[in-house]
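Worksheet: the structure to be examined is printed underneath.
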Amino acid sequence: MRGRSFDLAVLGGGPAGMMAALCAARDSDVALVVDRIPQGDEFRRIDTVPARVLALLVDFGVDPRELGVDRLYEERLVAWSTATPQLFHLSPAAHLERPLLDRVLFSRVSCHPRIALFVSRAWARDDGMFWGDGWRARRLADATGRAAATADSVVRAERPWAARTLWQTYDPDGRGPGFGIAALPDGYAYRVEARRRVVVGFVGRGHGVEGTPAELAWRLRASGGGWLIADLPPVATFDEGRASTASVQWATPSMLNDGPRAVRIGDAALARDPMSAQGIGIACSEALFVSAIARAADLAMFEARQTEQRHVHLKALEAMIAGCLFSNEPTWRDYAAFVAAHAQGAPSDPPVALRDGKVVRLPGSHVAP
Ligand SMILES: Cc1cc2nc3c(=O)[nH]c(=O)nc-3n(C[C@H](O)[C@H](O)[C@H](O)COP(=O)(O)OP(=O)(O)OC[C@H]3O[C@@H](n4cnc5c(N)ncnc54)[C@H](O)[C@@H]3O)c2cc1C
């Protein structure tokens with residue numbers, strides 16, 4: 001395990017890891033450790049991101065068309081606290097195909113002269129350094145998503161929610177809102193369109209996600225959400241994407257008091273509930289911080305920022321669940337109890353920011369040492 005020496009190693013080849021590697025490679029050599037090389041054209045889902053995240057990707061040389069983006073969307077049809085959908089006008093959002101985003105970022109990191117790729121899952125901490133198969137580094141960024149490879153433990157609901165995505169090649173007329181969401185007794189269903197596909201996603205527990213596509217569609221109609229799929233081909237004819245875990249979870253702070261500590265970014269720190277549709281944006285924003293975290297004090301400030309953001313997310317989730325038409329159903333009550341148990345404390349604006357490449361405490365804010 002001697003290997004080549006780097007200032008920074010990044011574990012994980014998702015958006016957070018690849019963006020962190022690209023940012024850090026502006027002024028240092030980076031080891032990017034991925035558990036597999038993205039291959040094939042295995043469509044997974046369409047994710048929505050605020051237009052400013054698209055602008056950040058453009059700064060890194062990504063053409064929006066490479067991500068399947070040909071327009072921005074500003075409207076959403078939402079049936080959350082009412083059975084009838086209501087039209088909301090929101091900030092412009094782009095609809096990205098996954099894994100197109102991952103593949104495009106991978107094409108950038110794999111030809112970057114200052115990023116060395118290692119395919120492995122191994123990492124260790126010893127002698128004041130981090131080690132892996134063929135690399136060693138003074139600093140480590142953990143961007144391993146929900147696996148949170150460096151975490152002592154992960155907090156998640158006793159019965160986590162799952163997400164199933166069904167998709168179809170589709171030619172939208174470009175006039176609809178492109179996004180709709182409907183609350184269900186055991187979760188929620190959403191519909192999202194991009195240039196050449198439509199996804200119908202089911203998120204929840206038990207009946208919310210179990211059964212054949214035809215059964216899921218039948219339950220959606222029976223719960224009053226039929227409007228979401230009324231103009232689509234039969235959902236029973238859709239292809240099935242990869243199922244994933246979807247409820248909120250987060251890594252606990254490290255109990256290690258000596259030696260270097262890894263910085264966790266993206267879903268490895270806090271995997272948000274997709275209701276918030278912020279995962280990619282936050283992952284990219286945290287990736288920008290990685291190069292600036294040079295001292296233990298920077299890491300402490302960054303972790304304080306992540307704690308604040310977790311409070312904010314849990315409080316927002318609490319409010320969304322309370323406002324849901326089906327909040328008295330057992331599935332929603334269980335999730336609400338889990339979120340409420342961890343949402344104590346008064347959230348305030350994150351007191352820490354990145355300024356001129358440095359992690360700084362904003363004026364008037366206090367971070368516990
Ligand atoms: C159903 C659903 C819908 C969503 N919709 C949206 C949306 O609309 N908008 C949005 O912004 N976000 C959305 N998200 C969230 C978004 O997908 C994530 O926040 C985002 O992918 C996080 O990126 P990441 O790089 O932190 O983690 P990931 O994308 O999970 O990447 C982690 C990578 O690390 C790898 N890995 C794991 N263990 C190791 C190891 N030991 N060594 C090396 N590599 C390892 C994994 O294989 C993976 O490639 C959604 C999530 C779900 C489940």
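If you bin every alpha carbon distance in region 1-86 into 5 Å steps from zero, what whole percent lands in each bin?
The percentages, shortest bin first, are 3, 10, 15, 17, 17, 13, 9, 7, 5, 2, 2, 1, 0.
Taking only the alpha-carbon positions of region 107-162 and ignoring solvent, what does the Debye formula give for the base-10 log of I(q)/I(0) at q = 0.24, 0.27, 0.29 Å⁻¹?
Debye curve over Cα of region 107-162, log10 I(q)/I(0) at q = 0.24, 0.27, 0.29 Å⁻¹: -1.10, -1.24, -1.33.
As a test of understanding, state the convex hull volume per residue of region 187-344 from its alpha carbons, in Å³.
Cα convex hull per residue, to the nearest whole number: 142 Å³.
Could you state, as a whole-number percent, how many of the C-alpha pairs of region 140-229 are farther apart than 17 Å?
Of the Cα pairs, 57 percent sit more than 17 Å apart.
Along the charge dipole of region 178-232, pointing to its positive end and built from +1/-1 on Cβ of Lys, Arg, Asp and Glu, which listed residue (I181, S223, H207) has its Cα farthest out?
I181
Can you work out D for the chain in µm² s⁻¹ from Stokes-Einstein, where Rh is the Kirkwood radius over C-alpha pairs, the temperature is 37 °C and the viscosity is 0.692 mPa s?
153
Please find, in a Gaussian network model of the chain (springs between Cα atoms separated by less than 10 Å), the residue of A189, A297, A31 whose mean-square fluctuation is greatest.
A297
Highest first, please rank the peptides 270-280, 78-88, 141-151 by the mean number of other Cβ atoms sitting within 10 Å of their residues.
141-151, 270-280, 78-88
Ignoring everything except DSSP H segments at least 4 long, calculate the 222 nm mean residue ellipticity for the chain; use -39,500 (n - 2.57) per segment, divide by total residues, nearest 500.
Estimated from H runs of four or more residues: -8000 deg cm²/dmol.
Assign unit charges at the C-beta atoms only (+1 for Lys and Arg, -1 for Asp and Glu), then state the dipole size of region 266-337 relative to its Cα centre in Debye, rounded to the nearest 20.
My answer is approximately 120 debye.
Using the Cα centre of region 1-145 as origin and beta-carbon charges of +1 (Lys, Arg) and -1 (Asp, Glu), tell me which of A124, C111, L100 is placed farthest towards the positive end of the dipole.
Toward the positive end, the furthest listed residue is A124.
Take the Cα atoms of region 270-324, find their three principal axes, and give me the spread along each one in whole Å, biggest first.
Extents along the principal axes, in whole Å: 43, 19, 11.
Find the all-direction average of the projected area of the Cα convex hull for region 211-266, expressing the result in square nanometres with one decimal place.
Spelled out: convex hull of the Cα atoms, projected over all directions, averaged, 6.7 nm².
Once the Cα atoms of region 251-349 are picked out, what are the Rg and Dmax in Å?
15.5, 49
Could you pull out every residue, at least 5 positions away or on a different chain, whose amide H is within less than 5 Å of the one on W135? Hs are placed 1.01 Å off N in the peptide plane, and Pro or chain starts have none.
Those lying under 5 Å, H to H, from W135 are R4.
By average Cβ neighbour count within 10 Å, what is the ranking of 212-219, 4-11 from highest down?
Put in order of decreasing packing, that is 4-11, 212-219.
Largest first, please: the extent of the C-alpha atoms of region 56-215 along each principal axis, to the nearest Å.
Taking max minus min along each principal axis of the Cα atoms, region 56-215 gives 61, 41, 29 Å.
Please compute, for the alpha-carbon atoms of region 53-146, the extent along each of the three principal axes and give them in descending order in Å.
60, 31, 18
Return the single residue from Q344, Q306, Q168 with maximal mean-square fluctuation; model: Gaussian network over the chain, springs between Cα atoms under 10 Å.
Q344
Bear in mind that the values in this text are calculations on the coordinates, not laboratory data. Just so it is clear, the structure is predicted and the values come from calculations on it, not from any experiment. Using ideal geometry, Cβ is built from the backbone for each residue, glycine included, and neighbour counts are taken over all protein chains shown.
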